[in-house]
Structure formats: structure tokens, C-alpha cells
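*Asks:* The structure that follows is given in the form of C-alpha cells.
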Amino acid sequence: MYCNKCGSLNSKVIDSRQSDDGKTIKRRRECVDCGARFTTFEKIEDTPLLVTKRDGTTQEFNRDKVLKGIIRACEKRPVSIYTMNKIVDLTERELRNSLDAQVSTSMIGDIVMRELKKVDEVSYVRFASVYRSFKDSQSFLEEIKAMMEDKNSDSDKN
């Protein structure tokens with residue numbers, strides 16, 4: 001860091017403190033050449049997470065859109081907003097940990113469906129019906145049969 005008083009690049013850190021939100025570090029520095037003191041802030045650079053939609057267009061990941069979809073699926077179901085937010089948090093964390101700067105909507109949908117399935121089966125089927133674009137009642141039945149088979153195979157393991 002250069003000194004804003006003399007322009008020297010020679011400074012040392014005197015004190016470091018983390019911000020309350022844990023996302024920023026405030027550093028108190030002293031110029032080795034002129035003794036001037038100044039403050040700098042260090043912050044993690046968030047790279048945007050891009051989403052490729054089914055039609056091929058790309059847009060920035062929007063957690064509010066994911067949450068709205070989950071809220072719609074969980075309407076009149078015993079799923080708390082806290083749980084819904086946790087699903088969105090987990091989804092975003094998993095996407096960012098994938099180290100891909102660009103993800104598909106199918107990847108997002110698969111994560112959300114996996115987590116909704118653990119929380120509430122009706123919400124899961126509702127979300128799946130929109131996400132997978134069920135065209136008729138047969139599509140619903142196939143999804144429910146697959147879900148029941150998964151449930152039975154899980155109980156056989158225990």
C-alpha cells in the first residue's frame with residue numbers, strides 16, 4: 001500500500017480488526033518512510049456467479065428468484081421461512097464451491113429439489129412440476145412413483 005502523504009510503498013501493519021459481518025478487515029498502517037498513519041480495508045472479491053438458462057441466455061445468479069420459487073412450492077405447507085432460506089444458502093454455497101463461474105439452471109433446480117425432498121414431499125413435487133415442466137397427470141404420477149421408490153430403497157437400507 002502506498003502512503004497517501006509521501007507516496008512511499010513502504011508501510012507496515014500496526015493493527016488489524018475484523019468487521020462485525022466478518023467480510024472486511026480494517027488495517028491500521030504506518031508509513032516506514034514518513035511515519036504517517038492511515039487505514040485500509042481488505043475485502044473478499046466476490047466474483048459474479050452466472051446462470052445459463054434453458055434458452056441459452058445468461059444472467060447473474062439471483063437468490064431472490066430461487067427463494068420465490070421455493071416459497072411458491074412451499075405455500076400452505078409446514079415449511080418455515082428459515083428452512084427455505086437455509087435451502088437457498090446451501091444452494092448458493094454449493095454452486096460457488098463448484099468453482100464454476102457459470103452454472104446451469106438445471107444444476108440449481110437439482111440442488112433445490114434434493115433439499116426440498118428432505119424437508120417436505122409435497123413441496124418437492126410442486127417445485128419439480130414447475131422445474132421439470134410436467135405436461136400432464138402422467139408426469140406427476142411418474143415423479144411420485146420415483147419418489148416412493150427412492151423412499152422404499154432408503155428404508156430398506158436402514
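The values are calculated or read from the model by the stated rules, or taken from the named source; none is laboratory data. On a predicted model such as this, the values are computed, not experimentally measured, just so you know. We place every Cβ from the backbone using ideal geometry, glycine too, and count neighbours over all the protein chains shown. Surface areas here come from the heavy atoms of the whole protein model, side chains and all, with no ligands, DNA or RNA. Shrake-Rupley method; radii C 1.70, N 1.55, O 1.52, S 1.80 Å.
*Asks:* Under a crude label model (7 Å from the Cα following the beta-carbon direction), how far is Asp89 from Asp33 in nanometres?
*Replies:* Label-label distance for Asp89 and Asp33, simple model: 4.6 nm.
*Asks:* Could you list which residues have their amide H under 5 Å from that of Ala36, counting only those 5 or more apart in sequence or on another chain, with H placed in the peptide plane?
*Replies:* Cys31
*Asks:* Provide the per residue accessible area, probe 1.4 Å, for the chain, rounded to a whole number of square angstrom.
*Replies:* Per residue, the chain has an accessible area of 70 Å².
*Asks:* Looking at the chain, identify the longest residue range that excludes and avoids all GluC sites (Glu not before Pro) in DSSP loops having at most 15 other Cβ atoms within 10 Å.
*Replies:* With a cap of 15 other Cβ atoms within 10 Å, the longest stretch comes to 76-158.
*Asks:* Could you size up the charge dipole of the range 43-123 around its Cα centre, putting +1 on the beta carbon of Lys and Arg and -1 on that of Asp and Glu, and report it in debye to the nearest 20?
*Replies:* Rounded to the nearest 20 debye, it is 280 debye.
*Asks:* Hey, got the dipole for the chain? About the Cα centre, +1 on K and R Cβ, -1 on D and E Cβ, debye to the nearest 20? Display every interim value, and only then the final one.
*Replies:* Working: 30 positive and 27 negative charges, 123 e Å.
Once rounded to the nearest 20, the dipole reads 600 debye.
*Asks:* Continuing with this model, one more query. Give a residue-ordered list of calculated ³J(HN,Hα) values for the range 17-22 (Karplus: 6.51 cos²θ - 1.76 cosθ + 1.60, θ = phi - 60°; whole Hz; x for Gly, Pro).
*Replies:* So the Karplus estimates, Gly and Pro as x, are 9, 7, 6, 4, 7, x Hz.
*Asks:* Pick from Ser19, Ser104, Ser139: which is most flexible by mean-square fluctuation in a GNM of the chain where alpha carbon atoms under 10 Å apart are linked?
*Replies:* Comparing Ser19, Ser104, Ser139 in a Gaussian network model of the chain, the most mobile one is Ser19.
*Asks:* Please find, in a Gaussian network model of the chain (springs between Cα atoms separated by less than 10 Å), the residue of Ser129, Ser16, Ser80 whose mean-square fluctuation is greatest.
*Replies:* Ser16
*Asks:* Another question about this same structure. What length, rounded to one decimal in nm, is gained on full extension from Tyr82 through to Glu60, with 0.36 nm per residue of separation minus their alpha-carbon distance?
*Replies:* 5.5 nm
*Asks:* Counting only C-alpha contacts under 8 Å and six or more residues apart, can you give the relative contact order of the chain as a whole percent?
*Replies:* 15
*Asks:* Can you flag which of Lys68/Lys145; Lys43/Lys117; Lys12/Lys86 are past 31 Å Cα-Cα?
*Replies:* Lys43/Lys117; Lys12/Lys86
*Asks:* Could you point to the residue in Ser137, Ile111, Gln18 farthest towards the positive end of the chain's charge dipole, with +1 and -1 charges on the Cβ of Lys/Arg and Asp/Glu respectively?
*Replies:* Projecting each Cα onto the dipole axis, the largest value belongs to Gln18.
*Asks:* Turning to a different aspect of this structure: Which value, in Å² rounded to 10, gives the accessible area of Met148 with a 1.4 Å probe and all protein chains present?
*Replies:* 80
*Asks:* Tell me which cysteines of the chain come out unpaired when the rule is another cysteine's Cβ under 4.7 Å.
*Replies:* Cys with no partner Cβ under 4.7 Å: Cys74.
*Asks:* Ile144: accessible area at probe 1.4 Å, nearest 10 Å²?
*Replies:* 70
*Asks:* Can you tell which of Ala73, Met147, Cys3 lies farthest toward the positive end of the dipole of the chain, using +1 and -1 charges on the Cβ of basic and acidic side chains (Lys, Arg; Asp, Glu)?
*Replies:* The listed residue farthest towards the positive side: Cys3.
*Asks:* Let me see the pair-distance distribution of the chain: every alpha carbon pair, 10 Å bin width, integer percents in order.
*Replies:* Once binned at 10 Å, the Cα pair distances of the chain give 9, 26, 24, 15, 12, 9, 5, 1.
*Asks:* Please turn the phi angles of the range 96-105 into ³J(HN,Hα) values with the Karplus equation 6.51 cos²θ - 1.76 cosθ + 1.60 (θ = phi - 60°), one per residue in order, whole Hz, x for glycine and proline.
*Replies:* 5, 6, 6, 6, 8, 7, 9, 10, 9, 5
*Asks:* Now a separate question. Show the residues, 5+ positions off or on another chain, whose built amide H is closer than 5 Å to the amide H of Val103.
*Replies:* Leu50, Val51, Thr52
*Asks:* If you roll a 1.4 angstrom probe over the protein chains with everything in place, what fraction of the accessible area of the chain belongs to carbon and sulfur, to the nearest %? Don't skip to the end; give the middle numbers.
*Replies:* Values: 5430 of 11080 Å².
Result for the chain: 49 percent of the exposed heavy-atom area is carbon or sulfur.
*Asks:* Next question, about the same structure. Rounded to whole Hz and in sequence order, give me ³J(HN,Hα) for the range 108-122 from the Karplus expression 6.51 cos²θ - 1.76 cosθ + 1.60, θ = phi - 60°, writing x for Gly and Pro.
*Replies:* 4, x, 5, 5, 4, 4, 4, 6, 5, 4, 6, 8, 7, 5, 5
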